Structure formats: C-alpha cells, structure tokens
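Take a look at the structure set out below.
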Amino acid sequence: MIIEAAPLDGIKVIVPKRLGDLRGSFCETYHRENFWRAGIEADFIQDNQSYSAKPGTVRGLHFQSSPFAQDKLVRVIRGRIFDVAVDLRLSSPTYGQSFAIELSAENMRQMFVPVGFAHGFCTLEPETEVLYKVSNYYSPQHDLGLAWDDPALAIAWPVDAQSAILSDRDRRHPRLADLKSPFD
C-alpha cells in the first residue's frame, strides 16, 4: 500500500497493492498501523455506501461541524468519480483551495479527507457505487454544505450546472464567501 500526501495539508491518496492470479485479485484497503504511520490517525466508526444511477450525479460539497465533524476515507467499488475536497480551515494557508482526483473501481485509489474539509464528487459512469468510512456518526443538525459550483473554488468539474444531477439540498448550499466555516 502506498500512501501519498496531496498538495493540501492533511489530504492523502492511498493506492492499495493489488495481488492477482487466475481467480482474480485481492488487496488490503485499510490497515490501521500503515495509516497511522502515514499520519492518518482517524478512528473509523461507520461505513456509508452511495449508489448513483447516472453519470453527472453530483453529491456535495458536504461536511459536518463539531462535535460531529468527520474524517472520511473514500473509495469506489463500481464505476468512476471525480472526487473533490475543499479546505475550510480558517487558519490554513490553503483555505478555499481544492484538491481533485479520479477514483475508480479499476484504479482502486482512495482519498482520505480530514476534518476541516468539505467533500463531494461527480459520477463519471453509470451505476457508480462509492464506499466511505467516517470517524463520527451522522448528525442532521451538524450536516452542512458548500456550493459545489461556486466560481471562487475554481473546480474543473466534469459536468456543467445545467447537466448536473443534484438533490434539492445540494442546490441550496452557500458559496464560500457566505459560509461561516466552523473550522479554526
């Protein structure tokens, strides 16, 4: 397993080592000791899975505030996504900046998104399934979001606003300039 630092402090890209033979393949997707050595000390307590039928489905940008803030470990088990994290830590030199990566069932890459970041993705293939571990339980009262298409974020989404498939909730998130970030 290779764990690489991304340009935004705290974000990590995990590339599991795939072992294969005539039966197929096997890989380790989480190993606490290896993660801890790489600075990922999250205590994952819940797994979530999302299914998106159509390409161009956008989920996010989401985050939870304290005391239910969450670290996330995101991977794709079917299909492909354009995965994004946005730094919302007010004291960070990269506040408001984003990092994006393609995750797929084929490349088996994962992204670790620490507390202090908004997270979202756009599906690139039909029938896409995303599995992610989180370090805290879901709390509707602490569930917040950021406008996925805010021009100030300069995210090169693979879908335009007219074609994107979004929930009503995700259409109403504030822009960065209007967001009161809960993260110091």
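Spin-label model, Leu22/Glu106: points 7 Å from Cα along the beta carbon direction are separated by 2.6 nm. Placing unit charges on the Cβ atoms only, positive for Lys and Arg and negative for Asp and Glu, gives the chain a dipole magnitude near 180 debye about its Cα centre. Multiplying the residue separation of Ile77 and Leu90 by 0.36 nm and subtracting their alpha-carbon distance yields 1.3 nm.
Semi-axes of the equivalent ellipsoid for the chain, computed as √(5λ) from the eigenvalues of its C-alpha gyration tensor and ordered from largest down, come to 25, 20, 15 Å.
In this rough spin-label picture, where each label sits 7 Å from Cα along the Cβ direction, the Ala156-Glu129 distance is 3.1 nm.
Provide, for q = 0.19, 0.26 Å⁻¹, the log10 of I(q)/I(0) from a solvent-free Debye sum over equal Cα point scatterers in region 4-51. Result of the Debye calculation: -0.83, -1.08.
Between Tyr138 and Tyr51, 0.36 nm times their residue separation minus their Cα-Cα distance comes to what?
Taking 0.36 nm per residue and subtracting the Cα distance, the gain is 29.5 nm.
For region 96-182, the set of chymotrypsin sites (Phe, Trp or Tyr not before Pro) satisfying both a DSSP loop assignment and a count of at most 11 other C-beta atoms within 10 Å is given as Tyr137. Which listed residue (Ser25, Ser66, Ile40) has the Cα farthest towards the positive end of the charge dipole for region 1-146, taking +1 on Lys and Arg C-beta and -1 on Asp and Glu C-beta about the Cα centre? Of the listed residues, the answer is Ser25. Restricting region 119-174 to trypsin sites (Lys or Arg not before Pro) that sit in a DSSP loop and have at most 16 other Cβ atoms within 10 Å of their own Cβ leaves Arg172.
Only helices enter this figure: runs of n ≥ 4 DSSP H residues, each worth -39500 (n - 2.57), summed and divided by the residues of the chain, yield -1000 deg cm²/dmol at 222 nm to the nearest 500.
Measuring from a point 7 Å past the Cα of Asp9 along Cα-to-C-beta, which residues in region 53-91 have an amide N at less than 14 Å? So the set is 87-91.
Quick note: the coordinates plus some simple rules give every number you see, no bench work behind them. All values reported here derive from a predicted model rather than from experimental measurement. Note that we place each Cβ from the backbone using ideal geometry, even for glycine, and neighbour counts take in every protein chain shown.
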